[in-house]
Amino acid sequence: MAAGRPADAEAVFRSALAISPDDPGVMASLAAALRAQGKLADAAKVLETAMALAPGFTGAAYNLANIRLAEGRVAAAVPLYRQALAAEPENRDIRLNLAAALQATGKPDEAAGILKSVVDRTPSDAAALNNLGNALRQSGERAGALDALSRAVTAAPKLADAHYNLGALLADLNDIEKAAGHFQTARKLAPGLVKATWAEALTLPQIYGSTQQIADCRARYLAGLDRIADAARSAPDSALPDLLGAVTEHTPFALAYQGGNDLEPMTRYGGMIAGIAARAFPDLAEPPARTAGERVRVGFVSAHFRGHTVGRLFSGWVTGLDPARFEVHAISTAGSGDAETRALAARVHKAHLVPIGPAELVRLIAGLRLDVLIYPDIGMDPVTQLAAALPLAPLQLASWGHPVTTGLPHVRGFLSASAMEPEGADAHYRERLIRLPGLSIDYPRPDIPPLPRPENPAPVLFCAQSLFKAPPAQDATFARILAEVPDATLRFIAHPIGEVTAAFRQRLTGALSAMGVDPARIEFLPPTDRAGFVGYCRGADVILDTFGWSGGNTSLEAFHAGTSVVTLPGAFMRGRHTSAMLTLMELPELVAADADGYAGIAVRLATDGDFSGDMRNRIAERAPALFGDKTPVRALEDTIEDLIRR
């Protein structure tokens with residue numbers, strides 16, 4: 001083994017085991033030789049035997065846990081690490097690996113607690129600091145994460161992974177320039193760290209300072225995408241683990257917020273990750289044949305089957321298919337979820353909610369032998385993206401949880417809403433565009449009674465969208481509206497990351513000052529829960545939709561609250577959610593033709609009490625048309641059956 005000859009070592013250890021067949025120490029050595037050759041399953045069997053013979057053998061439990069982690073079976077690794085740690089509570093390596101497994105199963109807080117105990121003992125332990133920073137970042141403790149990762153790169157300037165994680169954190173904080181520097185350092189220190197190369201090429205700001213910055217960042221992104229796609233295509237098979245590591249950490253999520261036509265770059269990106277996935281899982285590279293059965297077996301795959309926009313928009317599909325015609329599986333790529341996850345799980349044939357690694361997830365889905373896979377939100381979660389890159393079912397469909405083409409060659413159709421798509425929309429998708437009736441969804445009206453509307457002493461305007469949805473081009477319109485309604489206040493919801501809010505405030509302040517508007521008239525409300533959000537909407541006189549990326553779930557909840565939303569339809573489906581709702585409610589008065597018209601509608605709503613009251617009354621009367629519509633689900637059933645017969 002020391003000479004790097006694990007195959008020869010295996011033969012020697014097997015000879016030793018023939019002499020002492022019940023010796024757990026020899027078994028552990030044999031398992032090490034097997035693992036060194038990549039024979040993980042064989043090594044695991046040997047260690048399981050060793051543990052049965054000697055239940056207190058810590059080394060067997062620890063090494064078996066490491067194998068489970070390498071296999072992606074993180075949920076199985078956790079109890080083994082706990083068993084090993086109980087026997088050796090001061091063992092640093094066991095603590096670090098247990099923390100990694102806990103973090104992978106969605107328990108970053110517990111992982112951080114374990115890692116803090118290691119750092120308390122050895123404050124300059126760079127590996128522990130790096131892992132601690134990563135866990136704190138996942139749990140939202142960004143100040144602590146920044147401290148830990150900064151200490152890690154100081155303690156070990158050549159630790160590439162620490163530079164990568166620090167770069168990722170700085171990108172969260174909208175400090176793209178510093179983030180790029182750390183990604184570049186990580187890439188130079190470890191050329192095989194593909195995720196660092198991808199991050200350097202593809203990371204985009206959360207808040208753009210100007211329209212010109214959008215253009216500059218887009219040009220850099222497209223050039224970087226070409227480079228990494230070419231490199232991925234020519235990479236040797238030995239690079240596949242690192243390529244998969246990049247696929248399961250990065251998505252093109254931020255690209256669509258630039259407001260452009262993303263068909264070409266998404267097709268390039270989708271082809272790249274599909275090529276990587278096919279090489280990593282060659283036995284899954286061809287679509288399976290459909291298995292005959294009385295019912296169509298349908299799987300819905302998402303990381304957001306919980307109290308999340310995607311879960312609320314599409315749960316009606318998951319739970320609404322006719323059980324006499326369809327056997328429905330809900331597959332969560334993010335583990336057990338919350339109360340909404342459990343409620344959904346109780347209404348399907350089977351829910352798969354155990355947290356597992358990406359490779360294990362792919363094989364789980366393939367093993368279900370589903371006829372149809374529906375991905376509501378490809379582009380929002382990297383593990384979901386990996387699964388969708390493979391043909392794991394004869395028919396695979398995407399939808400508008402992330403409303404942009406997936407670019408993936410094995411996704412045949414994009415389930416969209418007839419009321420939201422503009423003329424010529426087929427040209428925006430690599431997939432076949434399938435228009436379901438109306439809003440395409442069965443969205444239950446929120447079970448939140450709207451509070452009485454407050455009597456605002458002055459008009460309150462509210463932009464209810466995430467700050468990164470408001471493009472720089474809209475700033476002048478915000479300023480104009482405030483200039484024409486001099487006593488009004490404009491509210492936004494602060495981003496959970498203070499630096500992101502600060503960047504948005506700074507940009508908008510410039511536009512306001514240029515028009516002589518006092519920036520103090522801008523307010524940032526704290527993030528809140530669903531009931532609190534409905535309260536924010538109810539407390540506003542006017543809700544201002546964002547240009548280019550319209551409100552979906554947020555506008556539905558705003559209309560539930562009875563508040564008027566003014567919108568300017570965009571060129572793509574993602575900019576037309578609210579206008580579709582207003583069309584269904586027959587309220588064209590709130591749909592603008594251009595930015596001037598948008599400002600005019602907003603000003604009238606803020607200053608003309610009769611017009612504003614009429615709009616509120618009509619919304620209260622007509623909003624029920626947006627909720628509980630079963631027609632799209634019946635159309636989805638017919639669409640699925642029609643497509644699988646082809």
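The values are calculated or read from the model by the stated rules, or taken from the named source; none is laboratory data. Because the structure is predicted, anything quoted here is derived from the model rather than measured. Glycine gets a Cβ as well: all are built from the backbone with ideal geometry, and neighbour counts include every protein chain shown. Accessible surface areas use protein heavy atoms only, side chains included; no ligands, DNA or RNA. Shrake-Rupley method; radii C 1.70, N 1.55, O 1.52, S 1.80 Å.
Remarks
- Considering SER416, SER440, the condition of being of a type outside the set (D, E, K, R), open to solvent by less than 10 Å² (accessible area, probe 1.4 Å), within 30 Å of ILE640 (Cα to Cα) and part of a loop (DSSP other than H, G, I, E, B) is satisfied by SER440 alone.
- Residue within segment 167-190 that is over 30 Å from ASP475 (Cβ atoms), among the aliphatic types (A, V, I, L, M) and open to solvent by less than 50 Å² (accessible area, probe 1.4 Å) present: yes
- In the set (1) touching a Ser or Thr at 6+ places or on another chain (Cβ under 7 Å); (2) open to solvent by less than 20 Å² (accessible area, probe 1.4 Å), LEU225 fails one condition alone, (1).
- Condition met for ALA531 (assigned to a helix (DSSP H, G or I), closer than 30 Å to ASP447 by Cβ and touching a residue at least 24 places away in the same chain (Cβ under 8 Å)): yes
- Scanning segment 551-566 turns up at least one residue that is within 23 Å of GLY498 (Cα to Cα) and touching a residue at least 24 places away in the same chain (Cβ under 8 Å).
- Looking across segment 42-58 at every residue that is free of Cβ contacts under 8 Å to residues at least 12 places away in the same chain and part of a helix (DSSP H, G or I), the one that is farthest from ARG82 (Cα to Cα) is identified as ASP42.
- Residue satisfying all of: in segment 1-36; under 45 Å from the mean Cα position of the chain (by Cα) and surrounded by fewer than 14 Cβ atoms within 10 Å (Cβ to Cβ); farthest from ILE67 (Cα to Cα) among these: ALA3
- The requirement of being free of Cβ contacts under 8 Å to residues at least 40 places away in the same chain, more than 20 Å from the chain's Cα centre (by Cα) and closer than 19 Å to LEU136 by Cβ is fulfilled somewhere in segment 167-178, by at least one residue.
- Unique residue being crowded, with 18+ Cβ neighbours inside 10 Å, small (Gly, Ala, Ser), closer than 27 Å to HIS495 by Cα and in contact (Cβ under 8 Å) with a residue 12 or more places away in the chain when the list is ALA148, ALA156: ALA148
- Test: residue in segment 510-520 that is part of a helix (DSSP H, G or I), of a type in the set (Ser, Thr, Tyr) and surrounded by fewer than 16 Cβ atoms within 10 Å (Cβ to Cβ): yes
Residue-by-condition table, conditions (1) under 19 Å from the mean Cα position of the chain (by Cα); (2) not in a loop (DSSP other than H, G, I, E, B):
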position: ARG347; (1), (2): no, no
position: ARG363; (1), (2): no, yes
position: ARG369; (1), (2): no, no
position: GLY379; (1), (2): yes, no
position: GLY401; (1), (2): yes, no
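- Options ALA558, ALA531, ALA476; residue that is at negative phi, modelled with pLDDT of 95 or more and open to solvent by 10 Å² or more (accessible area, probe 1.4 Å): ALA476
- Of all the criteria given as (1) open to solvent by 60 Å² or more (accessible area, probe 1.4 Å); (2) under 30 Å from ASP426 (Cα atoms); (3) assigned to a helix (DSSP H, G or I), the one not satisfied by ARG622 is (2).
- Criterion (assigned to a helix (DSSP H, G or I), touching a Ser or Thr at 6+ places or on another chain (Cβ under 8 Å) and either open to solvent by 50 Å² or more (accessible area, probe 1.4 Å) or among the polar types (S, T, N, Q) (or both)) met by exactly one of ASP120, ASP109: ASP109
- For the residues PHE300, PHE305, the requirement of being in contact (Cβ under 8 Å) with a residue 24 or more places away in the chain, closer than 14 Å to PRO376 by Cβ and not in a loop (DSSP other than H, G, I, E, B) singles out PHE300.
- Out of PRO391, PRO409, one residue alone is open to solvent by 10 Å² or more (accessible area, probe 1.4 Å), within 20 Å of PRO287 (Cα to Cα) and assigned to a loop (DSSP other than H, G, I, E, B). It is PRO409.
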